[in-house]
Amino acid sequence: MKISNKQLKLVDRQIKRIIESGNYYSEVYKKAGITGVSTPEDFEKIPFTDKADLRNAYPLGIQAVPDEKVVRIHSSSGTTGKPVIIPYTAKDVEDWAEMFARCYRIAGITASDRIQITPGYGLWTAGIGFQAGCEKLGAMAIPMGPGNTEKQLQMMIDLKSTVICATSSYALLLAEEINRRGLKDKICLKKGVIGSERWSDAKRNYIARELGIELFDIYGLTEIYGPGIGINCAEQTGMHVFDDYLYLEIIDPVTGEVLPDGEEGEIVITTLVKEGAPLIRFRTHDLSRIILGECSCGLSYPRIDTIKGRSDDMFKVRGVNMFPSQVEEILGMVDGVSSEYKIDVAHDDIRNRDIIMVTVEAEGRVDFTKTAETIKNLFRSRMQITPNVAVVSLNTLPRSEKKTQRVFDHRKE
Ligand code: ZN
């Protein structure tokens, strides 16, 4: 998607505002000799920005308006180091709610719906975004926040919630609970709006089936407003992203080269009208691709595919870029194999080549040797790499409640 003239003009205005504000990026652009943009080529010369920059500018170094214009801040939790603080003006808050209401409408949600909101409220952008969009739409918000499943189910039944907003993990937990307690006939849910992350089709199908609902992936990140900058339509052919507020690029996460439409890479977002903390070419580290062509729903907002994972999770073996999502895709094709796996990468100094070892779990009913052979062949044909494969019994690999580390790179040791 080449940047349009209209978008270019907005970026030019943003850059001039940033420079005038004297914020963190004004220094960056001054040093790089950037004063504005008038062509797509100028735009591509603007350096990328990253979460590390936002941390350097902690706490309010990226603020591009006077204090009296800031009405709220949000913060994204960093697992390491300083958090990132994003200031919002009244217009930013309004724009975000407008986009979010648009998301609900695209999902076919109306003012007569009752929306149960389970993402958290507070410093991070989730709960309050779902809430503001709901109020803008005119639907009834049921602002539950996370946890307390007992109360969630009670409200869901008594208030006849028609929409559930949740992370995929929490939606799964609710679906399992409703199934276990035999409450399916008592709930009135029709749709689920699920914060976009990488989640398996098996999980998606289970939630859709058990709750009897249609699911929509909503996209967003705190640095760029929050959730609500894009969503699936009923055609389920990718998420429409609002190009009147944002410009999207897909880049090669290693070289930084802008990729042609349709190729998979990292999403880079430019905010076109954000006032409090405008960001130009922000690297999201989310992996996706632009979906080519027009959507049959008739909306002209460009589409991106479901998030495939994070570029930070990428690892390289014998010059081939590999992502956990690709490994999961392969394992999903093999009968009797669980979703748990472990990958060890090492370097064979004598032969001077990388070695990759894949450990997977399989059910007792399948032949472990044949299963290992099948996995080897799938890797060879799909990733052009032949790993060593170890098949172990179910529940052998460690489980963790938090994100499980699956790739162990021993080459760095
Ligand atoms: Zn569509």
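The values are calculated or read from the model by the stated rules, or taken from the named source; none is laboratory data. Computed from a predicted model, the values in this text were never measured in an experiment. In this analysis, Cβ positions are derived from the backbone assuming ideal geometry, glycine residues included, and neighbour counts consider all displayed protein chains. All accessible areas refer to the heavy atoms of the entire protein, side chains included, with ligands and DNA or RNA removed. Shrake-Rupley method; radii C 1.70, N 1.55, O 1.52, S 1.80 Å.
Some points to look at:
- The relative contact order of the stretch 314-412 comes to 30 percent, based on Cα pairs under 8 Å that sit 6 or more residues apart.
- C-alpha center-to-center spacing [the stretch 228-280, the stretch 76-152] in angstrom: 20
- Taking each DSSP H run with n ≥ 4 as -39500 (n - 2.57) and averaging over every residue of the chain yields -9500 deg cm²/dmol at 222 nm.
- Amide H contacts of residue 385: 380, each under 5 Å away and 5 or more positions distant or on a separate chain (H built 1.01 Å from N in the peptide plane; Pro and chain starts excluded).
- The peptide list 1-10, 110-119, put in order of mean Cβ contacts within 10 Å with the highest first, becomes 110-119, 1-10.
- Highest mean packing first, where packing is the average number of other Cβ atoms within 10 Å per residue, the peptides 170-179, 57-66 line up as 170-179, 57-66.
- Accessible-area order (highest first, 1.4 angstrom probe) of the listed residues 325, 200: 200, 325
- Based on the Stokes-Einstein relation at 37 °C and a viscosity of 0.692 mPa s, and on the Kirkwood radius from alpha carbon pairs, the chain is assigned a translational diffusion coefficient of 142 µm²/s.
- In plain terms, the bigger the Kirkwood radius, the slower the diffusion; for the stretch 1-132, with that radius from Cα pairs, at 37 °C and 0.692 mPa s, Stokes-Einstein puts D at 192 µm²/s.
- Relative contact order computed over the stretch 89-311 (Cα-Cα under 8 Å; 6+ residues apart), in percent: 17
- With all protein chains modelled, accessible area of residue 190 [1.4 Å, Å²]: 120
- Mean separation of Cα contacts under 8 Å (6+ apart) over length of the chain, as relative contact order %: 12
- With both residues required to sit in the chain, DSSP beta bridges show an antiparallel share near 60%.
- Distant alpha-carbon pairs in the stretch 314-412 (separation over 15 angstrom), percent: 61
- Extent along the principal axes, Cα only, for the stretch 89-311: 52, 39, 32 Å, with the longest axis given first.
- Nonlocal Lys pairs with alpha-carbon distance under 13 Å, the stretch 89-311 (8 or more apart, or different chains): 5
- Whole-number Å³ per residue for the convex hull built on Cα positions in the stretch 246-378: 171
- Alpha-carbon centroid distance for the pair the stretch 1-16 / the stretch 335-413, whole angstrom: 46
- Distance (nanometres) between label positions extended 7 Å along Cα→Cβ at residue 351 and residue 396: 2.2
- Accessible heavy-atom area order of 258, 163, highest first, probe of 1.4 Å: 258, 163
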